[in-house]
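The values are calculated or read from the model by the stated rules, or taken from the named source; none is laboratory data. Model, not experiment: these values are computed from the prediction. Positions of Cβ are generated from backbone atoms using ideal geometry, with glycine treated the same way; all protein chains shown enter the neighbour counts. Remember, those area values only see protein heavy atoms, side chains included, never the ligands or the DNA or RNA. Shrake-Rupley method; radii C 1.70, N 1.55, O 1.52, S 1.80 Å.
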Amino acid sequence: TPEHELLVEAFDRYLTAMDLSASLLAHQDGERTLLERYVSQRNRQTLLLAASVSAAILALFACVAVLRHRRLSRMLRERNAYIEAQHYALEEANHKLELLSQTDPLTLLPNRRYFDERGRQEYQRYLETGAPLSILIIDVDHFKTVNDAYGHATGDAYLRTLAQALSRVLVHDRGMAARYGGEEFTCLLAQTPADEALEIAERIRQDVEQLRLPNAAVEPGW
């Protein structure tokens with residue numbers, strides 16, 4: 001309005017004379033500070049989010065690694081147990097094979113191979129120590145007539161019975177009986193002088209005589 005024109009002119013002159021540069025700079029500094037704070041806060045939030053995501057990923061990897069480690073450890077224990085069982089079974093099988101290779105399948109006495117091995121060991125001990133060593137060589141009388149008259153099955157049964165008789169006598173002495181072949185047996189008597197070996201041989205003969213194994217082709221019939 002006309003009555004206000006003088007007032008407006010006075011304000012205009014005042015505003016023209018004012019130096020607003022400081023205010024503008026302060027305003028700009030304020031805006032810049034505000035932006036820097038905003039960016040810094042956003043960066044911290046972004047960093048925190050990234051760190052949280054990284055930690056979650058690492059935790060996931062750690063969990064997977066732990067589970068995998070447990071699984072591999074369990075598999076390793078199972079595999080080790082299996083290998084140990086197989087090793088034990090192999091040892092048992094080797095032991096059984098070794099026993100079979102040293103055992104006569106008919107009489108279950110040691111065979112000639114084992115007797116020869118033990119004989120060499122005992123003879124070497126005799127050479128080193130001078131301890132007495134005796135060997136009995138036993139041949140079953142008229143065994144061929146048993147096979148001819150009664151059959152080989154009966155002959156085999158006789159041989160098993162004779163083997164048991166040898167074992168019964170030698171269980172009380174330091175001796176080892178073996179089937180040397182056919183109807184021949186041997187007894188290895190370590191640390192046994194000849195006179196004691198003769199007594200053992202006589203006990204074997206008496207024990208076999210008491211068995212009364214039938215043989216009609218000879219006299220007195222056994």
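Quick one: pull the percent of accessible area on the range 14-106 belonging to carbon and sulfur, 1.4 Å probe, ligands and nucleic acids left out.
Carbon-and-sulfur percentage of accessible area, whole number: 65.
For the range 29-76 and the range 178-199, what is the separation of their Cα centres, given in Å?
The range 29-76 and the range 178-199 have Cα centres spaced 87 Å from each other.
For the range 158-222, take the convex hull of the Cα atoms, compute a quarter of its surface area, and give me that in nm², please.
Computed as one quarter of the Cα hull surface, the answer is 4.7 nm².
Highest first, please rank the peptides 139-147, 126-134, 182-190 by the mean number of other Cβ atoms sitting within 10 Å of their residues.
182-190, 139-147, 126-134
Rounded to the nearest whole Å², what accessible area per residue is found for the range 159-222 with the 1.4 Å probe?
On a per-residue basis, the range 159-222 sits at 55 Å².
Taking Cα atoms, how many degrees apart are the long axis of helix 5-17 and the longest axis of the chain, rounded to 10 and kept between 0 and 90?
In the chain, helix 5-17 runs at an angle near 50 degrees to the longest axis.
Given a 10 angstrom Cα cut-off, can you work out which residue in Ala93, Ala85, Ala26 is the most mobile in a GNM of the chain?
Result: Ala26 has the largest fluctuation of those listed.
Based on the Cβ-Cβ distance from Leu90 to Leu127, what FRET efficiency comes out when R0 is 25 Å, to the nearest 0.05?
The calculated FRET efficiency here is 0.10.
Provide the net charge surrounding Ala50, with neighbours chosen by a C-beta distance below 14 Å and charges set as Lys +1, Arg +1, Asp -1, Glu -1.
Counting the neighbours of Ala50, the net charge comes to +2.
Helix 112-129 against the longest principal axis of the chain: what's the angle in degrees, Cα atoms only, rounded to the nearest 10?
90
Over the range 158-222, with every protein chain in place, what whole percent of the accessible area is carbon and sulfur at 1.4 Å, could you tell me?
Looking at the range 158-222 in its full context, I get 51 percent from C and S.
Indicate the gyration tensor shape class of the chain (rounded, prolate or oblate), computed on the Cα atoms with a ≥ b ≥ c the square roots of the eigenvalues: a/c under 1.5 is rounded; otherwise a/b larger than b/c is prolate and the rest oblate.
Since a/c reaches 1.5 and a/b is larger than b/c, the shape of the chain is classed as prolate.
Work out, step by step, the length gained on full extension between Arg174 and Gln45: first 0.36 nm times the residue separation, then minus their alpha carbon distance; give nm to one decimal.
Taking Arg174 through Gln45 to full extension adds about 37.2 nm, to one decimal.
Given axes a ≥ b ≥ c from the Cα gyration tensor, I'd like to know whether the range 1-119 is rounded (a/c under 1.5), prolate (a/b larger than b/c) or oblate.
Verdict is prolate for the range 1-119.
Taking 7 Å along the Cα-to-C-beta vector as the label spot, tell me the Gln210-Asp195 distance in nanometres, rounded to one decimal.
2.5
For every helix of n ≥ 4 consecutive DSSP H residues, a contribution of -39,500 (n - 2.57) applies; sum these over the chain, divide by its total residues, and give [θ] at 222 nm rounded to the nearest 500 deg cm²/dmol.
That calculation yields -25000 deg cm²/dmol at 222 nm.
Given a Förster distance of 45 Å, report the FRET efficiency between Ser23 and Ala55 from their Cβ-Cβ distance, rounded to the nearest 0.05.
After rounding to 0.05, the efficiency reads 0.45.
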